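All remarks here apply to the structure that follows.
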Amino acid sequence: MAQTVIIGSGIIGLSTAYYLSKHQPGPTIHLVDSSAELFTSASGFAGGFLAKGWFESASAPLGRLSFEEHARLAEEAGGAEKWGYAKSVTMAYETARGAVEGGWLEGGASRASAAGDARGRGDGGDKSPSWLRVLEGDEVSVMDDGGGTAIVDPLKLCHFLLDECKNAGVQVHHPATALEVTTDVRDEVASVRIGYTDSSTETEIPATRILLSAGAWTPLVFSTLFKSSTTNIPVKAYAGHSLVVRNPKGAGDTCHAVYCSLENLSPELYSRPSGVIYLAGVNSSAIPLPPLATGAEPVDDALEELKALARRLIVSEGELEVVRTGLCFRPVTPRGTPILARLEDGQLGERVGTRRGAEGGVFVAVGHGPWGISLSLGTGRVMAEMMQGRALSADVSRLGL
């Protein structure tokens, strides 16, 4: 059985390890992460919005599969109680004073535009959340009544997947940095040398299969392990601040996702079953990526902007309680779709090859942008199938490098 090393223990790496462990012994799977505390970037700080049909054609099959996997896993494992899985009524709130134009990465336009023709449209009516403040002249409409959108608490989902992996025998190494790939006498990948940053010790993990799923840090990991390669992993970091508040008035019994198009910003609000409301939408490509996810430091001005938005958009009978603030870095690609692929041996550099078929390979799963949580379980299932040489559950042929 091929030994597998997964570098990056966010929700993409975890999901892949989870599905791999269904078809190979857990102890043959190794998760390696450089952070002392896991889930301190997008996997822990994301909004947790799930969509079924909001994706362009190249990633649409993956989107459908992942939405179905989220529903199936929640049904089988008690997701409603364990990680707050719930159907979500999704709304569009548009100001009468004009809204930001362009795309999500172009300065603040709503990523709800990605839904395109897949969205429903109808008057908001009594489906609008009671906590949403709508100013005179603004419009609220229904994008999805809950049949094709849902919500989870991504941090709790990650911890569930981590526990499942550990129970299956998957070995987790953190804080540990991947230092080097070693090859055998045939110049084929044979192991990964890692260093534990909390003890200055090193170890070599036998591995003929490697998955790079370190989010925005993936290009750095690739260049560290395959120094002679000229292959470019086209992923950049897009920073986003978030705020979680608790409303004394409560958030209602129905979960809502609200995509706003305001004058100069497009905030997103999600009410969760726990009664809190998640708010995001202050993004930047100018904030440098820290060496470690735990090194992210929120910008005070960005957090104050989110707090002002919360006061503007949320009806409250008292002061909103700030439950949590965060800054995470989403891995984005120029084409706007993720990369799910096995790299060709020629892309790995000089004198580095891999065993053929399911016995070897270097794989990449990265670049999900704002859709990492939504696409996570589908990505994990497809990558496990790709790595183990099984039939793929979704067509990802257009998501190669």
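Residues whose amide H lies under 5 Å from that of VAL282, counting only those 5 or more places away or on a different chain, are HIS241; hydrogens are built 1.01 Å from N in the peptide plane. Placing unit charges on the Cβ atoms of the charged side chains and taking the dipole of the chain about its Cα centre, the candidate lying farthest along the positive direction among THR149, HIS30, ALA302 is HIS30.
Roll a 1.4 Å probe over the protein chains and send me the accessible area per residue for the chain in Å².
Numbers: 16230 Å² over 401 residues.
Here the per-residue accessible area is 40 Å².
Across every direction, the projection of the convex hull enclosing the Cα atoms of the range 320-401 has a mean area of 7.9 nm².
Exceeding 32 Å between C-alpha atoms, which entries from my cross-link table qualify? They are LYS22/LYS52; LYS22/LYS82; LYS82/LYS227; LYS127/LYS166; LYS166/LYS249; LYS156/LYS307.
Values: LYS22/LYS52 25 Å; LYS22/LYS82 21 Å; LYS82/LYS227 42 Å; LYS127/LYS166 41 Å; LYS166/LYS249 39 Å; LYS156/LYS307 24 Å.
As for pairs spanning more than 32 Å Cα to Cα, those are LYS82/LYS227; LYS127/LYS166; LYS166/LYS249.
For LEU211, the residues 5 or more places off, or on other chains, whose built amide H falls under 5 Å of its own are VAL5, ILE6, ILE7, PHE363.
Once R0 is set to 41 Å, what does the formula 1/(1 + (r/R0)^6) return for the Cβ-Cβ distance between ASP300 and ALA58, expressed as a FRET efficiency to the nearest 0.05? The formula returns an efficiency of 0.60 here. The largest-to-smallest principal axis extents of the Cα set in the chain are 73, 40, 37 Å. Helix 11-20 sits at what angle to the longest principal axis of the chain, using alpha carbons and giving 0 to 90 degrees rounded to 10? Taking the Cα atoms of the chain, the angle to 11-20 is about 50 degrees. For the range 164-242, trypsin sites (Lys or Arg not before Pro) meeting the loop criterion (DSSP other than H, G, I, E, B) and having at most 11 other Cβ atoms within 10 Å: ARG186.
In this structure, the amide hydrogen of SER261, modeled 1.01 Å from its nitrogen in the peptide plane, lies closer than 5 angstrom to those of TYR93, GLU94, THR95, counting only residues at least 5 positions away or on a different chain. Working note: Karplus 6.51/-1.76/1.60 with θ = phi - 60° gives the range 272-279 the couplings 10, x, 6, x, 9, 10, 9, 10 Hz, where Gly and Pro are set to x.
Length gained on full extension, HIS23 to ASP163, computed as 0.36 nm times the residue gap minus the Cα-Cα distance: 48.7 nm.
Centre-to-centre, using Cα atoms only, the range 228-269 and the range 155-204 are separated by 30 Å. Extension gain for VAL315-ARG72 works out to 84.0 nm (0.36 nm per residue, less the C-alpha to C-alpha distance).
Which longest uninterrupted range of the chain lacks any GluC sites (Glu not before Pro) assigned by DSSP to a loop state (not H, G, I, E or B) and surrounded by at most 16 other Cβ atoms within 10 Å?
Values: sites that count: GLU37, GLU56, GLU101, GLU106, GLU136, GLU263, GLU317, GLU319, GLU344, GLU350.
It works out to 137-262.
With a Förster radius of 51 Å applied to the C-beta separation of ASN232 and ASP145, the computed FRET efficiency comes to 0.75.
Would you mind giving the average projected area, over all directions, of the Cα convex hull of the range 7-90 in nm² with one decimal?
Working: hull surface 28.5 nm².
With the hull built on Cα positions only, its mean projection is 7.1 nm².
Treating r as the C-beta distance of GLU263 and GLU202 and R0 as 56 Å, the FRET efficiency rounds to 0.55. Pairing the Cα long axis of helix 372-388 with the longest principal axis of the chain, what angle in degrees results, from 0 to 90 and rounded to the nearest 10? The angle comes out at about 20 degrees.
Here each label is just a point 7 Å from Cα along the line to Cβ, and for LYS307 and SER397 those points are 5.3 nm apart. For the range 199-212, putting each phi into the Karplus relation 6.51 cos²θ - 1.76 cosθ + 1.60 with θ = phi - 60° gives couplings of 9, 6, 9, 10, 8, 10, 9, x, 7, 9, 10, 10, 10, 9 Hz, in residue order, rounded to whole numbers and with x for Gly and Pro.
The angle separating the long axis of helix 154-167 from the principal Cα axis of greatest extent in the chain is about 30 degrees.
The values are calculated or read from the model by the stated rules, or taken from the named source; none is laboratory data. Fair warning: this is a prediction, and the values are worked out from it, not measured in the lab. Methodologically, a virtual Cβ is constructed for each residue, glycine included, from the backbone with ideal geometry; neighbour enumeration extends over all protein chains shown. For accessibility, only protein heavy atoms count, side chains too; no ligands or nucleic acids. Shrake-Rupley method; radii C 1.70, N 1.55, O 1.52, S 1.80 Å.
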